[in-house]
Structures are given as structure tokens and as C-alpha cells.
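The values are calculated or read from the model by the stated rules, or taken from the named source; none is laboratory data. Remember, predicted model here, so these are calculated numbers, not experimental data. Glycine also receives a Cβ, built like all others from the backbone with ideal geometry; neighbour counts cover every protein chain displayed.
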There are 2 protein chains.
Amino acid sequence: MQFEADLEAARARIADAVVRTPVWRSDDLDAALGREVWLKCEPLQRTGSFKLRGATNAVRALPAGVRGVVAVSSGNHAQAVAYAGRAAGLPVTVVMNADANAAKRAATVGYGATVVSDGVDPTNREEIARDLAEREGLAFVHPFDDWNVIAGQGTATLELLEDVPGLDAVVTPIGGGGLLSGAALACRDASPGTRVYGAEPAASPDAQRSLAEGRRVRLDYAPSTISDGARTVQIGERTFAVLSELCAGISLVNDDAARAAMALVWDTTKLLIEPTSALAIAAISAGSVPGERIGVVLSGGNVDAGVLAATIRVEESV
Amino acid sequence: MQFEADLEAARARIADAVVRTPVWRSDDLDAALGREVWLKCEPLQRTGSFKLRGATNAVRALPAGVRGVVAVSSGNHAQAVAYAGRAAGLPVTVVMNADANAAKRAATVGYGATVVSDGVDPTNREEIARDLAEREGLAFVHPFDDWNVIAGQGTATLELLEDVPGLDAVVTPIGGGGLLSGAALACRDASPGTRVYGAEPAASPDAQRSLAEGRRVRLDYAPSTISDGARTVQIGERTFAVLSELCAGISLVNDDAARAAMALVWDTTKLLIEPTSALAIAAISAGSVPGERIGVVLSGGNVDAGVLAATIRVEESV
């Protein structure tokens, strides 16, 4: 099938705005997982996650005359669109749940965005954003179901495949499917022998069930999981189409396994990843990903550092 | 003065055993500190700290016929000597306090060392180790007051100065003074215009007071600080001699400032550093280090990842 995501165009369009993040490997992590595991380090990306790639590509692809940008998110997409919009000289409005985490709100405001949250909840926020876009002539940037966003996210995997040719598999976390669809398209174009797997919270199995049932399943509850980047209740139309054709499988990961995988990565690589990133490591650890040389896109590192640091106590033994 | 630390010889001796760790810089960290701050990332070193450099240099410099190695430590030096000894094919015994942290004990045993801890406490452990060394024909590797250890630690700063020429200053944490003395000798040899500063816990100011008073001050209490790599009560004879001549100043840092600096580094670089590493960042943050381009040797990243990961909870807002 022909998909309307152009990864090479995205790469050229965003090259001066994003960091080419390092690919890292740790002997100790390999030993723990029994494989060679190559980590594409998007926690080191500007704004702390891969989301800047897709947001920048979407914002830069907007037609001339757009007066501003609007997005819905309480997390990494919010920060990414705020950053990308400011870099493009466009005002950004982010519609965020009224009870959103204060640190994430502050980070979004810190990148210059206006946050709208009065009366906003998960059931009405997309409608509020689309109304705002129509009323004020703003462009709505979807977090995943947009070919430019998918293409932008795919550039992370293109870089990984260049740095480490011949991988047996690439694994990424999946929420709405932008990162994983981008990875699948990158492998199709640049390394057809590499199989692509997703890792999803067991509490939020919309993608896994959608691929199993051959239709876009929508969860009728609000998923509760520490992997806050993957709480989506339904994947996109475009991401569903890509993944139906190009994804080799999706593993479900429970919170205990995600937490253990996160601690393993912290311990063996000293790289601070967020719980959503740990999903992919947990899937490898569970044996769900065949292959001896596996690439992982670590999606982001936005955990609350102040909360973590407060837990470091004086140990009396010297 | 002529000091008996040969950094170039150390570099050649340990080259195949240690990682040349990356030097990293973050726009967000620079903005927070108001300076260019170049981070030498020893948390990414094998065993998770710079200590492997000195331990490897000391072990490889031992005369033929040595039957094994003994060290005193509950922390990074223990793991480093265990690793270096195993790599050299020598049995390693580590004398560790009876109440030492279980994770650190396990890591040391994991690198193949024998741990002796029955009846061991901070007052008797060096004597126990030296007795053991004499009785069994083992070599005692001091954690800091040894020219080969100092030279090995200095290789981290040699690499930093090669990667980033023309630094105004280099800052490292100081416990017994091995890392800081190595840094001072590296700057003297390779970048004489670069000034060298130490950062020490306010609760454990033996180095700062020693340099101020011109004699090796010994604290008569067990310092209590989260920076567990810098709880030494007295710096070494050799490190005192080096630092008296070559150190531009030592800043005192309290635990709150160290914790804030640690969170700042986690937040802006996603690099998991341990509290001792944060001392140097806190000193810059406090304005104690003059200069616009500053190098920091981040000493290590061995925090208890499981404890930290357990504090990541589900946030209900999406």
C-alpha cells in the first residue's frame, strides 16, 4: 500500500531543529537481556522526547498564512508543539486537562505556549481544540494520526538503521501509533529485513486488540498505567493502516514489568528513561521479540526529577 | 614540585580496559547555570564510576608474583577493584563494613570478589585489610593515596581537556582527593591556564579545612551526607601535597544544594548521576567557580535504581 508519509522529506525539513541523538549500547544491559540491544536515545532529544520530530515536521509543513497552532496533550506532545511553534514564530495554544500535572504544565508554558484548561477533561478536549482552531484560524496538530507527524517520528528509526545496519528487529512503545508507524515505514524503506514490534501497556491494549481483530478497537475506560505516554484508548486511522500491514506483533506489558525494565535501564546505562520507554525493554526481557541484534527507540526521559531526587536518603554505612 | 603520578603512562596502561566516556553538554543545563558546562560522563564508565581508572592502573602496575588484591570500600572503589582484579586474573578480597548496603555488596560479589565483613566497622577495617594483605601475600590498593590511583583518575580529565580545549576551569567532587588530584595534574600538564576546583560536602569539610590550615585536618566524627563517595575524614598525604600546590579552591555544598543539583542534571541531561557527582554542579550553581567555560567530571551514577523506580506512580491526569 502507498502511505502518505515521506520520511526523507521529513528528515530534510527538521534537520536543523532536532538533535541527532546518540545510539548507545551497554554490556551490562546486553548481558541482562541475552541479546545485543542498541538504544536510540531520544531522552536526549530537545524537549526530552522523540515528539519534537513529528511536531516540527508538521509545523514546518503548514501552509503559509496559518496564524498559529493548537494541540491537545498533557505530556510530551504538548512540550514538543510548544517548542516547534516558538521556533517557527507561531503562537501555540495547548488544550490540557484541568487536573494536568503541574510540572508538565509549567514545562509547556516555559516553551512559550498558552495553556487552556478551564473545564477541560478527556472527553471534551479534542472538541474544544478543534473549535478553537476553526474560530481563530489555527492549525490543529494531531499527536499521532497525521502523515507529517508519522514521518517525523520515523526519522528516529532512519537514524538508528544508519548507525546500526542489519538489525533483526526494532521495538518501540505504542500509544496512538505515531512512533511505531514511523519505525515500520523506516524499516520498510531502509532495512526491509528488519521486523518491527510494538510494546503496549497491558492496561491499555487498544493497538494489540485492533491488530488482532482487524478493526480499530476503542477502549471504553480510561486506562490506568505508569506508562503515561501510552494511555491512548484508540489508535489512529492512518497508524492502524500502517501497522496492519507492517507490524510483526505487539506485546502487552504490565506496570511491574515496566518498572523493573526501567530500573534495569537506569542501572545498566545511567540513562533516565520514562516508564513508556521501558515498555520496549520489558517486551525484550519477556522474550516477545525474536532476534539477536535488536534496536529500541527509547522514547523519552520526562520523569519528575525532583520527586526522584527527594527519595535519595543518607545511608549510614560508609 | 615533582609528583610521582605519571598520567600518560596510566593512559597507555588502562586504554583497553576503560571506556573513553563521552563529553556531553546540554543547552538547558547551560541556561540554568549561566555558563557553558561540559560534562565528562563517568557514570557511563564500566562499573558506573571513574574509580575503574585508578583501580585498573594500580592493579596493572603491581609487580609480578602478587597473589591477589585487597581493598577497603563499601562503594565504587570496591566494585572497581573487583572488576580490575578479575580482568587481571587476580583474586580480590574487599573488606566492607558489616552493615554495608546490600546492593553494593551484591555488585561487588557480582564482579567476582570475596567480601569480608564479619566484625568490620569503619574504625578497624583498614587494619583488617592490611593484616590480611600481609598474612596472605596480597597487594593493598588504597582508594586514593597512591600515585598510580591518582594517575589513573587523572586520565578522565586528560580526555576532557582533549575534547574541549581552553576550559577556564575544571571542577570535580572531592572525598579523599584522588579524582581532584588527578584533575589538577592533568591540567598542569595539558592545559596550564585551566584552574582546578573541588566541591566537598559541608558535613565533611576535611579537604577544605586542610587546605585552609596548611595541614591534614582529621575529622573526629563520621560525616553524615547523601554524597556517600565523599565522606572521608582525612585526605591523603599525596593528595594533600598535590592539592596544596595546584588546587584553586574547594567549595562546601550542603545536602539540599546537592539534591537540587542532582535533580537539575537529571532533568536537563537525562543522565542519572549519584549525589557525589552533583557536588560539582552545586558549586557552579552557587557561583563558587569563576569562568565562562567550565568542565565537570561527573564521577559516577551508582544510585539505587530499584528504589527510585518504585517511586514512579500512576498519575491520573492524561
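Odds and ends about this structure:
- Within the range A:20-29, the set of residues being within 20 Å of the chain's Cα centre (by Cα) and without any contact (Cβ under 8 Å) to a residue 40 or more places away in the chain comprises A:22 only.
- Residue check: residue A:224 meets all listed conditions (1) crowded, with 24+ Cβ neighbours inside 10 Å; (2) within 12 Å of chain B (Cβ to nearest Cβ); (3) under 30 Å from residue B:262 (Cα atoms) but one, namely (1).
- Counting the residues of the range B:116-167 that are of a type in the set (Val, Ile, Thr), without any contact (Cβ under 8 Å) to a residue 60 or more places away in the chain and within 22 Å of residue B:50 (Cβ to Cβ) gives 0.
- Given (1) among the β-branched types (Val, Ile, Thr); (2) crowded, with 24+ Cβ neighbours inside 10 Å; (3) within 14 Å of chain B (Cβ to nearest Cβ), number of the condition residue A:233 does not satisfy: (2)
- Between A:289, A:303, A:314, the distinction of being more than 8 Å from chain B (Cβ to nearest Cβ) and of a type in the set (A, V, I, L, M) belongs to A:289 only.
- Residues that are more than 14 Å from chain A (Cβ to nearest Cβ) and part of a helix (DSSP H, G or I), drawn from the range B:43-73: B:51, B:53, B:54, B:55, B:56, B:57, B:58, B:59, B:60
- Selection of the range A:278-312 for residues being more than 26 Å from residue A:152 (Cβ to Cβ) and of a type in the set (S, T, N, Q) yields A:285, A:288, A:311.
- For the range B:176-208, the set of residues classified as among the small types (Gly, Ala, Ser), under 19 Å from residue B:288 (Cα atoms) and touching a Pro at 6+ places or on another chain (Cβ under 8 Å) consists of B:198, B:199, B:203, B:204, listed by residue number.
So that you can scan it fast, the table gives a plain yes or no per residue for (1) among the polar types (S, T, N, Q); (2) within 25 Å of residue A:101 (Cβ to Cβ); (3) touching a His at 6+ places or on another chain (Cβ under 7 Å); (4) away from every other protein chain (no Cβ under 14 Å):
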residue	(1), (2), (3), (4)
A:173	no, yes, no, yes
A:188	no, no, no, yes
A:206	no, yes, no, no
A:246	no, no, no, yes
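- Residue among A:17, A:32, A:61 that alone is of a type in the set (A, V, I, L, M, F, W, C), outside the structural domain of residue A:291 (by TED's automatic domain parsing), crowded, with 17+ Cβ neighbours inside 10 Å and over 17 Å from the mean Cα position of the chain (by Cα): A:61
- For the range B:26-42, a tally of residues being under 17 Å from residue B:262 (Cβ atoms) and either touching a Phe, Trp or Tyr at 6+ places or on another chain (Cβ under 9 Å) or assigned to a helix (DSSP H, G or I) (or both) returns 8.
- Residue check for residue A:30: modelled with pLDDT of 95 or more and within 22 Å of residue A:281 (Cα to Cα): yes
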